[in-house]
Every structure is written in C-alpha cells, then in structure tokens.
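The values are calculated or read from the model by the stated rules, or taken from the named source; none is laboratory data. Being a predicted model, the structure only gives us computed values, none of them experimental. In this analysis, Cβ positions are derived from the backbone assuming ideal geometry, glycine residues included, and neighbour counts consider all displayed protein chains. Only protein heavy atoms, including side chains, enter the accessible area calculation; ligands, DNA and RNA are left aside. Shrake-Rupley method; radii C 1.70, N 1.55, O 1.52, S 1.80 Å.
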Amino acid sequence: MISRKLRFGMIGGGRGAFIGAVHRIAARMDGQAELVAGAFSSDPERSKASAADLFVAPERAYGSYQEMAAAEAKLRGDRRLDFVVIVTPNHRHFAPAKLCLETGFNVILDKPVTFDLEQALELRQIVEQSKKVFVLTHNYTGNAMVKQARELVRRGVLGDIRKVIVEYSQGWLATDLERTGQKQAAWRTDPKQSGASGCLGDLGSHAEHLARYITGLRIAELCADLTTFVEGRKLEDDGNILVRFEGGAKGVLHASQIAVGEENNLNIRVYGTRASLEWRQEDPNDLVVKHPDQPRQTWRRGNDYVAEGAKRVTRIPFGHPEGYLEAFGNIYREAFRAIAAEVQGDALPEALDFPTIADGVQGMLFIQTALESARLGARWVKFPAM
C-alpha cells in the first residue's frame, strides 16, 4: 500500500479548456493525487500561464509535452511523476500517449483513444509492451447505478437479452456554433482535429461503450445512417444505427448533436426475457427495473440493497445526489489502485474496473464500421475482430 499521494502531470487542459478542469477535480476528489507538472497548451506561453493559475511550480511548467517527458523522466525519488493525464483534442492523443508510455509513465487518456483505428492498434501494442497502466476515461461507466445495472444483467435478473436501445442526444451544435470562434465547437467539428467522425466520435462512442459495459454484448454487424444537418459542417452531427449483437440480440443506437433542447441526454434501455432496465445520465442516481408481473421498481444509489460494486463507488448517503464529477472520480479512484501497485512494483489488484486500451480499440472499430456502412448507403457491415 503506497503511503503518499500519487503525483501526476497533465498534457492539455489549460486556459479555456473544459475537460481538463473536470479531470483535475476527479483526480483530487479522494485526496489521493496531486498535480505537480504540466504542458497545458501547445502554445508555450499559454501553457506556463495556465500552470501559474494551477499553482504548478515554474520549473515544472513546460512549453511542450516533449519537453515535459524528457525533463520529468530524469527525476527520481520523491519528485518523479507516477502518471500523466492527457486531455488534448483527438489528433493530439496518440503522440503524447506513446511518448509517455515509452518514457516509463502510466497514462490516463480522455476518449476517444486516438485519431483513427490505425493509431489505436499501434497504441495497443505500445501499452502491452510498456507494462504500464493505461486508463481511458469513458466516465459514465463510473456511475454507481450503471454498475448496478451490469450486476443485474450478470446475475440473470433480466434473462436473455433481446434488445438494447441506447441514446446520446445534445442540442448545442444545432447551429453553426463553430463559426463564432467557440473553441469546443471548433475542434469537435474539424476533421483535422476530431478525426473522420464528429457526432459518433464525441457521443456515439460513449453510447456504444455504455451498452457493452452493462450488457457484455459485442456488436456482430451494424447499419448506420449518418447525416450532417448544419450546412457547411464537415463532419456528421447526427447518427442512427441499427445493431445486431453476437448471440442474437438486436439494438438501436442514436446519437445527435442537433437535437434542439437536449442537454446531455445519455440513456439506455435493456430488454430481456424476464425483465428490463432503464438508466438516464441526467437522473444518474435512479435505475428503473421493470418486470411483467410486478409494479415498476426504482432502485436508488446508496441503499443497502444495491450490489457491492455499486456500494464501493458511493461516497455519500442516499438522498444526496452524485453525478458526473463523482463518476469521473470513480474511474480515477479505481485507476489509482492499479497505478499505486505499479509504482510499488506489486502485482495489479484483481477485478479492476476501468476502461482500458481494449475499450479504446473497440470504440475506434465502432466508429470506422459505422462510417463504412454510411458510405455504402446504410448497408449492413460486419464488425471486425481485432
């Protein structure tokens, strides 16, 4: 058991960034880690100004991730970094992750894992060779009632799964926001930064991972209808996908950035032969379970009747809501179990529960297969095994 806080550096996440602040809150939520270094922007001056905002010592505020990796690799003992958090746009995921792993640092990386599938496959090989801990922050699976849903499926409460409906809808890109200079909209709609997909890479990958995490089902083939509704936009902003899972279950996956009035509507319904369940990210503390011969049940986070996996990620008593930040924090807390063991030279704990490079590769396979189906005019395309 490590007897000190874990030390981390951050790449990206400086002034004007949304997700960097979320990661910093999540990493420090349980008092197990502290930020001590960073290359917070591709602009050296902006990076150092952001470091000052975050009270990072000037000598550990770097102008580039390459400079940070080289300098931090030379440190030993009570100064050396235990892990690096990467929160850059998609096109800047692979190179810093590769460098940090090869330099000897554990890595926590925001999703999607890389710019394209080729990079994801190469990064998988690097992770395996490095023997370092690699964590991908599909944060919604950190919710306690998502873990409860998975437990009900595993215990056979739903019976055999027949149908899965998963949706992730937002409305913030219903207009050409990217042309106003809004930073988050600009990079997410730019194929040079986001990759070949817009809506699916940003939202659909979360939906696919949530469905796979809860049900354990893998996609056998899919049929995707992708649309760019906002005139002049280079990437799709809406997607409707029919899914056939291995084993015979069917599914519908819908993701949209142009659903006017929607805020962050990620939700899933799973239908089995005995019962069904429903979970909504905007009401994360509730899990609805439905049986054919009983009143509808609402399971609530924090109660004694939930499974141990859900209890373990519950910080405060029932009736005090936990949500987005706590789910992020749960991914980090679980990651710290692995990172602390790696730092100590111990075997990794059993039954670790955080997304890995395998989840990243599956996500990129999902995006590539959906794009291929859409290019073929919404034809059924088999999901490759890699």
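Table for the structure above
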read-out: Under-5 Å amide H pairs with His93, H placed in peptide plane, nonlocal only; value: Phe115
read-out: Cα gyration tensor shape of region 1-148, rounded if a/c is under 1.5, else prolate or oblate by comparing a/b with b/c; value: rounded
read-out: Reachable lysines, given that their alpha-carbon falls under 28 Å from the alpha-carbon of Lys234 and they are not under 8 places away in the same chain; value: Lys111, Lys183, Lys192, Lys382
read-out: Percent carbon-and-sulfur accessible area, region 1-123, ignoring ligands, DNA and RNA, probe 1.4 Å; value: 53 percent
read-out: Positive-pole candidate from Ile25, Gln66, Gly232, dipole of the chain, charges at beta carbon; value: Ile25
read-out: Helix-derived mean residue ellipticity, 222 nm - over the chain, DSSP H n ≥ 4, -39500 (n - 2.57), to 500; value: -10000 deg cm²/dmol
read-out: Glu246-Glu45 FRET efficiency (beta carbon distance; Förster radius 56 Å; 0.05 resolution); value: 0.65
read-out: Distance histogram in 10 Å bins (all Cα pairs of region 119-186, percent per bin); value: 13, 22, 27, 31, 7, 0
read-out: Per DSSP, loop GluC sites (Glu not before Pro) in region 196-254 with at most 10 further Cβ within 10 Å; value: Glu231
read-out: Eligible aspartates and glutamates near Lys132 by straight Cα distance, threshold 13 Å, same-chain separation 8 or greater; value: Asp82, Glu102, Glu342, Asp346
read-out: Inter-label distance for Glu151 and Glu34, nm, one decimal - labels placed 7 Å from Cα along Cα-to-Cβ; value: 3.5 nm
read-out: Candidates Arg60, Arg375, Arg212, ranked by Gaussian network fluctuation over the chain, Cα under 10 Å, top entry; value: Arg375
read-out: Efficiency of FRET between Lys163 and Ile2 - r from beta-carbon atoms, R0 51 angstrom, step 0.05; value: 0.70
read-out: Rounded tilt (10° steps) of 144-154 against the dominant C-alpha axis of the chain; value: 50 degrees
read-out: Accessible area (Å², per residue) of region 38-189, counting only protein heavy atoms and a probe of 1.4 Å; value: 41 Å²
read-out: Euclidean distance of C-alpha centroids, region 236-314 and region 149-178, integer Å; value: 5 Å
read-out: Cα radius of gyration and Dmax for region 87-145 (Å); value: 11.7, 37
read-out: Antiparallel bridge percentage (DSSP; both residues within the chain; nearest 5); value: 60 percent
read-out: Rounded to 10°, Cα long-axis angle of helix 94-103 versus longest principal axis of the chain; value: 60 degrees
read-out: Label-zone membership for region 136-153, site Ile316, 7 angstrom Cα→C-beta point, backbone N under 17 Å; value: 143-145
read-out: Charge sum, other residues only, whose C-beta stays under 11 Å from Glu282's C-beta, Lys/Arg counted +1 and Asp/Glu -1; value: -3
read-out: Förster radius 41 Å - calculated FRET efficiency between Arg15 and Gln294 (Cβ-Cβ, nearest 0.05); value: 0.20
read-out: Estimated Rh, region 173-259: Kirkwood, alpha-carbon pairs, angstrom; value: 13.7 Å
read-out: Rounded to whole Hz, the Karplus (6.51, -1.76, 1.60) HN-Hα couplings of region 69-81, x for glycine and proline; value: 4, 5, 6, 5, 5, 7, 7, 9, x, 7, 10, 5, 5
read-out: Net lengthening on full extension, Leu348/Lys234 (0.36 nm per residue, minus Cα-Cα); value: 36.7 nm
read-out: Surface share of carbon and sulfur [accessible, 1.4 angstrom probe, percent] for region 197-323; value: 49 percent
read-out: Between region 107-141 and region 346-386, the alpha-carbon center distance in angstrom; value: 12 Å
read-out: Cα centre as origin, Lys/Arg/Asp/Glu Cβ charges: the chain dipole, Debye; value: 620 debye
read-out: Whole-Hz couplings from phi, Karplus 6.51/-1.76/1.60, listed for region 312-329; x for Gly and Pro; value: 5, 9, 9, 9, 10, x, 4, x, 10, x, 10, x, 4, 5, 5, 4, 4, x
read-out: From phi via Karplus (6.51, -1.76, 1.60), per-residue ³J(HN,Hα) for region 252-269 in Hz, x at Gly/Pro; value: 10, 10, 10, 9, 8, 10, 10, 7, 3, x, 7, 9, 8, 8, 8, 8, 9, 10
read-out: Cα-based shape type of region 219-308, given that a ≥ b ≥ c are square roots of the gyration tensor eigenvalues and the cut on a/c is 1.5; value: oblate
read-out: Relative pair counts by distance (%), Cα atoms of region 267-386, 10 Å bins; value: 10, 26, 30, 25, 8, 0
read-out: Rounded accessible area per residue of region 264-353, 1.4 Å, Å²; value: 50 Å²
